[in-house]
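J.: Take a look at this one; I'll ask things after.
We did not get these values from a lab; they are worked out from the coordinates using the rules stated. This one's a predicted model, so the numbers in the text were calculated from it and none came from an experiment. Virtual Cβ from ideal backbone geometry, glycine too; neighbours counted across all protein chains shown.
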Amino acid sequence: DSGVTQTPKHLITATGQRVTLRCSPRSGDLSVYWYQQSLDQGLQFLIQYYNGEERAKGNILERFSAQQFPDLHSELNLSSLELGDSALYFCASSVEARGFSGNTIYFGEGSWLTVV
Amino acid sequence: DAKTTQPPSMDCAEGRAANLPCNHSTISGNEYVYWYRQIHSQGPQYIIHGLKNNETNEMASLIITEDRKSSTLILPHATLRDTAVYYCIVRDRMDSSYKLIFGSGTRLLVRP
C-alpha cells in the first residue's frame, strides 16, 4: 500500500459526460501528479500540483482540468468525454523539500475509466 | 521524451538473478536514475534510485557505470511475482517539477 488513495476504482460513463476523479496523497506529501495510461500510449504525465498551485503541465487536454485543495487532496475533472479517453488514471504524490535529494514519487492504484 | 533506452522484453528463470539494462547516454550531472515497475495494471511501484554510486535496498541493486551512461537493475533472486514492466527513468533534480517521464520499459517474464 503506497498510501495514495484514489476513488473511484472503476467508472463507466457515456460519451459527452463529465467525471471527477479524486486523489488523497500520502500524509505529509505536498505534490500531486496525475498520469494517464491507455493501451496505445503508455504512462503519460498530465499535470502536477504543489501545495495548491499548478507546478507543471504535460499532455493534458483542454477538456481536462485539475485542482488541489487546501487539505491537499486533488481532483481531476474530465469533460466532454470521448471513447479515446478510456484509460487508467493514476495519481501520485511526493514530499518536496528545498534542495532536491531524490525524493520518491508514490503512485496510487488508479481509476479505471471506461467511456461507452 | 524519455531519455532512456531499454530492451522491450527479457526473461529469466525463477530463483536466478534478473539483470535489466538501461542506456542513458545523454544523462547530465543533475539527473538521477530511477527504477519503477508496474505489475499488470497496478500503480507503478518505486524500486530504487541513484545518482552515481551503486545502491542496494531490500528489493534490488542498482549498478551505475562510472561514466553514468548506463545502469543495470539487479533482482538477485527473481520470483514469479517479479513479472512486470520495469521502467528506467532519468529525473532532473534541477527541474522544479521533479516529474517522472516514463518510456516503454522492459517487460520481464520470470519463468517457473
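J.: Enumerate the lysines that B:Lys52 could reach by cross-link, defined here as Cα to Cα under 24 Å, with residues fewer than 8 away along the same chain left out.
T.: B:Lys3, B:Lys69, B:Lys99
J.: Would you pull out the residues with amide H under 5 Å of B:Gln42's amide H, same chain only if 5 or more places away, H placed 1.01 Å from N?
T.: Placed amide hydrogens put nothing under 5 Å from B:Gln42.
J.: Here is a further query. Find how many whole Å separate the alpha carbon centroid of the range A:42-58 from the alpha carbon centroid of the range A:8-27.
T.: Rounded to whole Å, the Cα centres lie 17 Å apart.
J.: Still on this structure: What FRET efficiency comes out for the pair A:Thr104/A:Ile12, r = Cβ-Cβ distance, R0 = 45 Å, nearest 0.05?
T.: Details: r = 33 Å, r/R0 = 0.73.
Calculated transfer efficiency: 0.85.
J.: Let me ask something additional. Mean shadow of chain B, computed from the convex hull of its alpha carbons, in nm²? All intermediate terms of the calculation are to be shown ahead of the outcome.
T.: On the way: hull surface 26.6 nm².
Projected over every direction and averaged, the Cα hull of chain B covers 6.7 nm².
J.: Tell me the Kirkwood hydrodynamic radius of the protein assembly as shown in angstroms, computed as one over the mean inverse distance between distinct C-alpha pairs. Show your work: numbers first, answer last.
T.: Values: mean 1/r = 0.0550 Å⁻¹.
Evaluated over the protein assembly as shown, this radius sits at 18.2 Å.
J.: How large is ³J(HN,Hα), in whole Hz, for each residue of the range B:53-62 in order, when computed from phi with the Karplus curve 6.51 cos²θ - 1.76 cosθ + 1.60 and θ = phi - 60°, using x for Gly and Pro?
T.: These are the phi-based 3J(HN,Hα) values: 8, 5, 10, 9, 9, 5, 9, 6, 10, 10 Hz.
J.: Any idea what diffusion coefficient the range B:1-53 gets from Stokes-Einstein, in µm²/s, Kirkwood Rh on alpha carbon pairs, 25 °C, 0.890 mPa s?
T.: Numbers: Rh = 13.2 Å.
Roughly 185 µm²/s, to the nearest whole number.
J.: Another one. For the range B:1-99, which trypsin sites (Lys or Arg not before Pro) are both in a DSSP coil and crowded by at most 16 other Cβ atoms within 10 Å? Please list the in-between numbers first.
T.: Working: sites: B:Lys3, B:Arg16, B:Arg37, B:Lys52, B:Arg68, B:Lys69, B:Arg81, B:Arg91, B:Arg93, B:Lys99; in loops: B:Lys3, B:Arg16, B:Lys52, B:Arg68, B:Lys69, B:Arg93, B:Lys99.
Answer in residue order: B:Arg16, B:Lys52, B:Lys69.
J.: Determine the gain in length on full extension of the stretch B:Ser104-B:Glu58; use 0.36 nm per residue of separation and subtract their C-alpha separation, reporting nm with one decimal. Write out the running numbers ahead of the final one.
T.: Working: separation 46, 0.36 × 46 = 16.56 nm, distance 2.50 nm.
Net length gain for the segment: 14.1 nm.
J.: Now, a different point. Cα atoms only: what Rg and Dmax, in Å, come out for chain A?
T.: 13.7, 46
J.: Also, quick follow-up: Which aspartates and glutamates have a Cα less than 18 Å from the Cα of A:Lys9, not counting those fewer than 8 places away in the same chain?
T.: A:Asp1, A:Glu75, A:Asp85, A:Glu109
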